[in-house]
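Enquirer: Right, I'll just put the structure down here and ask away after.
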Amino acid sequence: MDWSTWHDDYDRPGTPLARRLADVQGHVRAALSDAPPGPLKVISLCAGQGRDLIEVLADHPRRADVHARLVELDPRNTAVATAAVESLGLSGVEVVTGDASLTDQYAGLVPADLVLACGIFGNISDRDVERTVSLSPQFCKPGAVLIWTRHREAPDLAPTICGWFESAGFERVYLSPADAGYGVGVHRYIGDEQAFVPGVSLFTFGSARS
């Protein structure tokens, strides 16, 4: 899979990826708007070109409050994200070229107010999805919003993922309809703050459907 050209469908109106992006961005916008006053910490795992967050921050009234770290392995994608961050003057957004599966990448910026795990769960094993969900509380402040994506094709794992999140201390806020052509889930962390555990690998990234 070429993870740079994969983004091209974002710019083709009506494609499942374009509609998924709009859905994710709507929930990102709402999460930032609804967050308490003050600085906001955001992390994005496998951030790609960062469009889930960067395009929202372009005109969001809380943009100056956001301190974000976008972690992505493909340097072509991080180059695009870095250029967008610089052009918009988003001084609080850091783009990192690195392995997003390693918890060390998020040290110093967790627990966060908003966690983005988009484009991951359709590209890793079911076991790794469950593992990532079970370890995600360490990234979240109590009340934090976590947004994730996963295709809804058979076998549809999205309802099971929701169950895993709920078992890990989250409540479901939203799950896109099964017939939407894409899958977006939003969960709020209602558990206690967890200790950050460095040196842990969350998943092994593959090349399935996202």
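The values are calculated or read from the model by the stated rules, or taken from the named source; none is laboratory data. Keep in mind that this is a model prediction, so the values were computed, not measured. Using ideal geometry, Cβ is built from the backbone for each residue, glycine included, and neighbour counts are taken over all protein chains shown. Ligands, DNA and RNA are stripped out before the accessible areas are found, and what is left, the full protein with its side chains, is counted by its heavy atoms. Shrake-Rupley method; radii C 1.70, N 1.55, O 1.52, S 1.80 Å.
Enquirer: I'm checking my understanding of the structure. Among residues of segment 79-102 that are among the β-branched types (Val, Ile, Thr) and open to solvent by 60 Å² or more (accessible area, probe 1.4 Å), which one is farthest from Thr132 (Cα to Cα)? Full working, then the answer.
Expert: As a first pass, look at segment 79-102 and keep what is among the β-branched types (Val, Ile, Thr): 80, 82, 85, 93, 95-97.
Next cut, open to solvent by 60 Å² or more (accessible area, probe 1.4 Å) only: 80, 97.
Details: Val80: 27, Thr97: 20 Å.
Top of the filtered list is Val80.
Condition check ((1) free of Cβ contacts under 8 Å to residues at least 40 places away in the same chain; (2) more than 24 Å from Arg20 (Cα to Cα)) across all residues:
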| position | (1), (2) |
| --- | --- |
| Leu70 | yes, no |
| Ala79 | yes, no |
| Ala83 | yes, no |
| Val93 | no, no |
| Gly98 | yes, yes |
| Thr103 | no, yes |
| Ser125 | no, no |
| Asp128 | no, no |
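Enquirer: Further question on the same structure: Within segment 56-66, track down each residue that is assigned to a loop (DSSP other than H, G, I, E, B) and open to solvent by less than 50 Å² (accessible area, probe 1.4 Å). Explain how you work it out, then say what you get.
Expert: Here is the first cut: in segment 56-66, the residues assigned to a loop (DSSP other than H, G, I, E, B) are 58-62.
Passing the criteria: Ala58, His60, Arg62.
Enquirer: Which of the residues belonging to segment 105-121 are β-branched (Val, Ile, Thr), closer than 16 Å to Gly92 by Cα and surrounded by fewer than 24 Cβ atoms within 10 Å (Cβ to Cβ)? Give the derivation first.
Expert: In the first step, residues of segment 105-121 are kept if they are β-branched (Val, Ile, Thr); the result is 110, 115, 120.
Narrowing the set further to residues that are closer than 16 Å to Gly92 by Cα leaves 110, 115.
Correct list: Val110 only.
Enquirer: Go through segment 26-50 residue by residue and tally those that are under 18 Å from Lys141 (Cα atoms) and either at pLDDT below 95 or part of a loop (DSSP other than H, G, I, E, B) (or both).
Expert: 5
Enquirer: From the list Arg51, Arg29, Arg69, Arg76, which residue is open to solvent by 60 Å² or more (accessible area, probe 1.4 Å), of a type in the set (Lys, Arg) and closer than 27 Å to Ile161 by Cα? Break it down into steps so the answer makes sense when it comes.
Expert: Numbers: Arg51 fails: open to solvent by 60 Å² or more (accessible area, probe 1.4 Å); Arg69 fails: open to solvent by 60 Å² or more (accessible area, probe 1.4 Å); Arg76 fails: closer than 27 Å to Ile161 by Cα.
The match here is Arg29.
Enquirer: May I ask you to list the residues in segment 175-193 that are outside any strand (DSSP E or B) and buried (at least 19 other Cβ atoms within 10 Å of the Cβ)?
Expert: Ser176, Tyr182, Gly183, listed by residue number.
Enquirer: Follow-up question, since we're still on this one. For segment 96-142, enumerate the residues that are aromatic (Phe, Trp, Tyr) and part of a helix (DSSP H, G or I).
Expert: Tyr106, Phe139
Enquirer: So Arg172 passes all but one of these: (1) in a helix (DSSP H, G or I); (2) surrounded by 13 or more Cβ atoms within 10 Å (Cβ to Cβ); (3) charged (D, E, K, R). Which condition number does it fail?
Expert: For Arg172, the failing item is (1).
Enquirer: Looking at segment 129-136, is at least one residue under 15 Å from the mean Cα position of the chain (by Cα) and among the basic types (Lys, Arg)? Quick ask: steps written out before the conclusion?
Expert: Within segment 129-136, the first condition is being under 15 Å from the mean Cα position of the chain (by Cα), and the residues that meet it are 129, 132-133, 135-136.
Pick out the ones that are also among the basic types (Lys, Arg) and you get none.
No; the residues of segment 129-136 include none that is under 15 Å from the mean Cα position of the chain (by Cα) and among the basic types (Lys, Arg).
Enquirer: Between Ser136, Ser167, which is of a type in the set (S, T, N, Q) and buried (at least 20 other Cβ atoms within 10 Å of the Cβ)?
Expert: Ser136
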